């Protein structure tokens, strides 16, 4: 992440970030067990790896969260990519009868976009993606929200 941040800052290009969270994952894990929970996360990670272009960087961010870094991608583009990926996870049709969103596994995404400069830190950038993620959760989950830093 730091390398991408420094490159975007040096070359003055846009950097976008998505944080995504598996909806109601605690209920999934508690009811289907940790082995099945690990399989669920693995399937989402595989779908993510297969879906995104190799010029983007995706990784597990901790627990049931993933992060995707998009060099040279605007917020509008990243919102479209995030929405398509959200639908891809629904198409997996992973049973989740303990979710209060749908009876399948869904994800919620938060995106942020910036041209890095001296007035913005990488932590602020990540925090804005996290804020967008929580906004999407407040709006009902299974969706994406975004934020542009200036």
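The values are calculated or read from the model by the stated rules, or taken from the named source; none is laboratory data. Model, not experiment: these values are computed from the prediction. All Cβ positions, glycine included, derive from the backbone under ideal geometry; neighbour counts span all protein chains shown.
For this structure, a couple of remarks:
- Subset of the stretch 121-130 [under 15 Å from residue 66 (Cα atoms) and either without any contact (Cβ under 8 Å) to a residue 60 or more places away in the chain or part of a loop (DSSP other than H, G, I, E, B) (or both)]: 127
- Wholly within the stretch 1-91, helices (runs of 4 or more DSSP H) carrying at least 2 residues that are under 17 Å from the mean Cα position of the chain (by Cα) and surrounded by 20 or more Cβ atoms within 10 Å (Cβ to Cβ): 34-51
To keep it simple, each residue is scored yes or no on (1) over 18 Å from residue 137 (Cβ atoms); (2) at pLDDT 95 or above; (3) within 15 Å of the chain's Cα centre (by Cα); (4) in a helix (DSSP H, G or I).
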| site | (1), (2), (3), (4) |
| --- | --- |
| 97 | yes, yes, no, no |
| 101 | no, yes, no, no |
| 116 | yes, yes, no, no |
| 119 | yes, no, no, no |
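- Whichever residue in the stretch 131-150 is at pLDDT 95 or above and assigned to a loop (DSSP other than H, G, I, E, B) and, among such residues, is surrounded by the fewest Cβ atoms within 10 Å (Cβ to Cβ): 140
- In the stretch 92-120, residue surrounded by the most Cβ atoms within 10 Å (Cβ to Cβ) [restricted to those that are free of Cβ contacts under 8 Å to residues at least 12 places away in the same chain and closer than 28 Å to residue 15 by Cβ]: 119
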